[in-house]
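The values are calculated or read from the model by the stated rules, or taken from the named source; none is laboratory data. On a predicted model such as this, the values are computed, not experimentally measured, just so you know. Cβ placement follows ideal geometry from the backbone for every residue including glycine, while neighbour counts extend to all protein chains displayed.
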Amino acid sequence: MRLRDVWRPSGTRGRSLAVVAIVSFSVGAAILLRIEAMSAKYVITRDEAISYLSATCHQGAYQQKTADFEPRPVPAAQWKTLFRRVERPFCFGRISADLRRTDIHPPLYFWMLHAWSLLVGVELWTGPSLNVLIAVLATLSLFGLAAYSLRSDWDAALVVFTYALSPAVVFVSLEARQYDLLGLWAVLVVWQLLRHTDPARRPRARDGVLLAALTLGGALTHYHFIILLTACVVYAVVQLHARDRRRLAATLVALASGYALSWLIHPALSAPSRAAQQNQGFNLASLPVRWGAVVWSFRSFTYVGVLLLVLLILALALYLIRRDVLISRLRTVDRSGAYAPFFFLWTASATVFLYLAFLSPAHAMSPKYLAMAWPFLAFFPVFIARLIPPRALVTLLLYLAPLVVATGFRARVRQVEQNAPPLSIPRVDTVVLDNTARAVLPRLLWHVPEEQPVIAGMQDSLLRHSDEFLGHLGDTSLFVSVRSFGNTEARLTELLARVSQAGYRVYRIEGGVLALGPVFRLEREQD
């Protein structure tokens, strides 16, 4: 049974308008959900700090500046220029070169973010607003993929509705990172793969070229794209090995060509070793924490998960009550779209395996890391709906659709760092920051006035040059500490002790700053 068989508006025009209305509502709701979540964004995340350093073509310059510690205060503007301003338009080569030396990610998203920053500037909403545009394209592309493979606009509309209103998918867009783009490539590559391997379509050279181009885009977006690429190879072999080896060869050549071309454009030969350095090694004690992150990531699909759960319960009830009916329905059910569970299970299980095997960093599990899997999970309500009698399905959809929409609009993405208001910088002579890691310092400085004198260095540098930087503190200063990237509590204690020995009273400010670490007010003791 298809959803179009449940409710039939009069005439083809009526059915088409209803589908357009559902898809339009889904896209509009997806945009509004992102805007609502973006309105609560007060700070950039650690990964966003790196994104803006790359997009402004300053990642290499930042690395050089932080390597040369300066114990004297400089205006905050000198630091903020490195991540808030684009001084060299269209410096795509510099972005790629800096990423090869300092990062593990390919450059495509950062090229796009650079171009977008030229248009709108670098603000808190710059990356998320670009992601909204990408998410709209992904949602519309998903409708195209679903309509092509399910051969039903009604079923495709339910897929889009499920995907667009998922908090997990909305979550992905709130950060200036490449995961929305990765999800878009996943949809487009699988769609073109289905077309290229479809026995009902005559083989065309341009289909292979398009498949290679889309593969190139995915490979230039994220190194995890190889997970989807291997799934595409397996799918093509299973579909074509027995019946059309020539088409299979053409498909594999297209996939391999796109991936190989990405390495010619961005030969990041050292990226795998840098990625391995980020891994913590297997630790049994932290395995429950990692498992909890996996569970939370999948639970973030929660509001549509309510729909999935109820559908599963009804399907089970039907099995228990009318087992013969269910068996008969399973034998005759429409099996179009069977590829979706395969791609979901492959991409999701591979990502989870890498994480639980400690082959991914401790932070590398949240909804964004499953961006390639979410489009295919959105097909599951359609598959379950095919097992439910039409009258029960109508009642279920009429009851649950408003519930899903209402809870979706009320949902706030659980991201504490984004919802923490920035520290109000009081009038002080100097601000001292004890962490210059590229994922930290831009976050600390984002809201600091440009004219504010700043001393920034890692704790070990501040300790080595304590006599010099203490002489520049003035009567009142603010000391912000972040205990990561080599900083320790012991070093912080030693630094504050030297500050006290230099004649300053140290007062801890309640709340810290930006969910990063403690803040202290330093006041010179009066004679």
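Please go through region 247-270 and pick out each residue that is out of contact with any Leu (no Cβ under 9 Å at 6 or more places or on another chain) and among the charged types (D, E, K, R). If the condition is that a residue be out of contact with any Leu (no Cβ under 9 Å at 6 or more places or on another chain) and among the charged types (D, E, K, R), then no residue fits.
The set of residues in region 44-84 that are touching a strand residue (DSSP E or B) at 6+ places or on another chain (Cβ under 9 Å) and of a type in the set (Val, Ile, Thr) comprises Thr66, Val74. The set of residues in region 449-489 being within 15 Å of Tyr504 (Cα to Cα) and in a strand (DSSP E or B) consists of Thr476, Ser477, Leu478, Phe479.
Note on region 1-21: residues that are crowded, with 18+ Cβ neighbours inside 10 Å and either at pLDDT 80 or above or of a type in the set (Asp, Glu) (or both) amount to 1.
The set of residues in region 226-236 that are surrounded by 14 or more Cβ atoms within 10 Å (Cβ to Cβ) and not hydroxyl-bearing (Ser, Thr, Tyr) comprises Ile227, Leu228, Leu229, Ala231, Cys232, Val233, Ala236. Right, Val506: modelled with pLDDT of 90 or more and either in a strand (DSSP E or B) or surrounded by fewer than 20 Cβ atoms within 10 Å (Cβ to Cβ) (or both) or not? Yes, satisfied.
Number of residues in region 193-236 that are within 17 Å of Leu248 (Cα to Cα) and aromatic (Phe, Trp, Tyr): the value is 1. The combined condition, being in a loop (DSSP other than H, G, I, E, B) and in contact with a strand residue (DSSP E or B) (Cβ under 8 Å, 6 or more places away or on another chain), is not fulfilled by Val432. When restricted to residues that are farther than 30 Å from Thr162 by Cα, out of contact with any Phe, Trp or Tyr (no Cβ under 9 Å at 6 or more places or on another chain), outside any helix (DSSP H, G or I) and of a type in the set (A, V, I, L, M, F, W, C), region 91-145 contains 1. Applying a threshold of 8 Å to beta carbon distances and a minimum spacing of six or more residues, or different chains, the list of pairs starting in region 12-32 at a residue that is assigned by TED's automatic domain parsing to the domain that holds Pro375 and ending at one that is modelled with pLDDT under 85 and part of a helix (DSSP H, G or I) reads Arg15/Arg4; Ala29/Val405; Ala29/Gly408; Ala29/Phe409; Leu32/Phe409. Listed conditions (1) under 19 Å from Ser96 (Cβ atoms); (2) in a helix (DSSP H, G or I); (3) at pLDDT below 90 are all met by Gln277, apart from (1). Against the condition in a strand (DSSP E or B), touching a helix residue (DSSP H, G or I) at 6+ places or on another chain (Cβ under 8 Å) and farther than 23 Å from Gln63 by Cα, how does Leu495 come out, does it pass? When the stated conditions are applied, Leu495 does not pass them.
Among the residues that make up region 232-246, is at least one of them out of contact with any Leu (no Cβ under 8 Å at 6 or more places or on another chain) and in contact (Cβ under 8 Å) with a residue 60 or more places away in the chain? Within region 232-246 (the criterion being out of contact with any Leu (no Cβ under 8 Å at 6 or more places or on another chain) and in contact (Cβ under 8 Å) with a residue 60 or more places away in the chain), the answer is yes, since at least one residue qualifies. In summary, helices (runs of 4 or more DSSP H) completely within region 149-215 and bearing 1 or more residues that are more than 15 Å from the chain's Cα centre (by Cα) and buried (at least 22 other Cβ atoms within 10 Å of the Cβ) occur at 153-164, 179-197.
Given the residues His114, His105, which is the only one that is at pLDDT below 95, surrounded by 13 or more Cβ atoms within 10 Å (Cβ to Cβ) and under 22 Å from the mean Cα position of the chain (by Cα)?
Working: His114 fails: at pLDDT below 95.
Going through His114, His105 in turn, just one is at pLDDT below 95, surrounded by 13 or more Cβ atoms within 10 Å (Cβ to Cβ) and under 22 Å from the mean Cα position of the chain (by Cα): His105.
For region 330-365, filtered to residues that are of a type in the set (Gly, Ala, Ser) and under 14 Å from Val190 (Cα atoms), the residue that is modelled with the lowest pLDDT is Gly337. Scanning region 478-493 for any residue that is over 21 Å from Thr45 (Cα atoms), aliphatic (A, V, I, L, M) and exposed (fewer than 15 other Cβ atoms within 10 Å of the Cβ) turns up at least one such residue.
Each residue in region 46-87 was checked for being of a type in the set (D, E, K, R) and assigned to a helix (DSSP H, G or I), and 6 of them qualify.
Has region 458-476 got at least one residue that is over 18 Å from Val499 (Cβ atoms), in the same structural domain as Ala502 (by TED's automatic domain parsing) and surrounded by fewer than 16 Cβ atoms within 10 Å (Cβ to Cβ)? No, region 458-476 contains no residue that is over 18 Å from Val499 (Cβ atoms), in the same structural domain as Ala502 (by TED's automatic domain parsing) and surrounded by fewer than 16 Cβ atoms within 10 Å (Cβ to Cβ).
The condition of being assigned to a loop (DSSP other than H, G, I, E, B) and among the β-branched types (Val, Ile, Thr) holds for only one of Val43, Val19, Val23, that being Val43.
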